[in-house]
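Note sheet for the following structure.
The values are calculated or read from the model by the stated rules, or taken from the named source; none is laboratory data. As the structure is a prediction and not an experimental result, all values here were calculated from the model. Virtual Cβ from ideal backbone geometry, glycine too; neighbours counted across all protein chains shown. Ligands, DNA and RNA are stripped out before the accessible areas are found, and what is left, the full protein with its side chains, is counted by its heavy atoms. Shrake-Rupley method; radii C 1.70, N 1.55, O 1.52, S 1.80 Å.
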Amino acid sequence: MTRFLFPRWTNKFLPMLGVFALGGAGFAGTMFLGATDDVTLNPGFQPTQPVPFSHKIHAGELKMDCRYCHVNVDKAAAATIPPTATCINCHSPMEADGAPKLSAVHPASEKLRAVHESWETGESVPWVKIHRLPDFVFFNHSAHVNRGVSCVSCHGRIDTMEKVYQEKTLSMKWCIECHNNPEPNLRPVEFVTKLDWEPAEGEGTREEIGAKLREEHQINPKTNCAVCHR
């Protein structure tokens, strides 16, 4: 029985194959770890929106309550993106007679073109979702907001952002840490949308107030898998 032997000149390629194998493994490992790391996955994501909406102006300077636009944040799992009609309440386009039909806040602004086109055509404004969770993760906004977890705990100081970006990691580890120690993120429910809230003098620290609220309202977040993975 004869055996097949590779020519001797092929031996010179063995070190090269080893180099490629090691390089490929290193590249794959780096991409996997880098792409799935909590710190590098999403924080800092700041897409360009079809309308340059400024939370700094609306929520910050004008002190508009978050719930004026995100109407379901305390009623349902999703906070919801405001419909075009909500924007038109303040930013109605010009009519044929040269006057706005509903309101007169920058009715001719080019920055509002996408909103006005949406109003005229009935097509939604193509907003880009910023704070995204995997499809296999369930998060209920109302369950958190109605227990005194402020918008700022997950989204940061939105009221100071000219262009919104994702500030927190929104990772499983990050969520579990809050469920294990919720006190720093609890505040009186009436202040959940007051993003610059600070305890009044003499009331105690955030943690002390949070501990009191946790005991008073029997807030005991669960950490088993079924809570978020349903």
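The table below lists the values:
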item: Prolate/oblate/rounded label for segment 162-230 (Cα gyration tensor, a/c 1.5); result: oblate
item: Entry for mean projected area of the Cα convex hull in nm² (calculated from the structure that is shown) out of (i) 12.3; (ii) 23.6; (iii) 11.0; result: (ii)
item: Highest-MSF residue in the chain out of D97, D65, D74 [GNM, Cα springs under 10 Å]; result: D97
item: Mean projected area (nm²) of the alpha-carbon convex hull when segment 124-189 is viewed from all directions; result: 5.8 nm²
item: Ellipticity estimate at 222 nm from DSSP helix runs (n ≥ 4, -39,500 (n - 2.57)) divided over the chain, nearest 500; result: -9000 deg cm²/dmol
item: Solvent exposure of the chain as accessible area per residue, Å², 1.4 Å probe; result: 69 Å²
item: Cut-off of 10 Å, at most 12 other beta carbons, DSSP loop: longest stretch of the chain lacking such GluC sites (Glu not before Pro); result: 1-94
item: Karplus-derived 3J(HN,Hα), 6.51/-1.76/1.60, for each residue of segment 140-149, Hz, glycine and proline x; result: 10, 4, 4, 4, 7, 4, 6, 10, x, 8
item: Centroid-to-centroid separation of segment 113-154 and segment 198-230 [C-alpha atoms, Å]; result: 24 Å
item: Most mobile of S150, S171, S109 in a GNM of the chain (Cα contacts under 10 Å); result: S109
item: P(r), alpha carbons of segment 107-230 - 5 Å bins starting at zero, rounded %; result: 2, 9, 15, 18, 16, 13, 10, 7, 5, 4, 1
item: Exposed-loop-free span, longest in the chain, where chymotrypsin sites (Phe, Trp or Tyr not before Pro) count as exposed if DSSP calls them loop and at most 11 other C-beta atoms lie within 10 Å; result: 5-135
item: Trypsin sites (Lys or Arg not before Pro) lying in DSSP loop within segment 87-153, provided at most 15 other Cβ fall within 10 Å; result: K101, K129, R132
item: Flagged links, alpha-carbon separation over 21 Å, of K163/K194; K101/K163; K75/K101; K63/K168; K56/K168; K63/K101; result: K101/K163; K75/K101; K63/K168; K63/K101
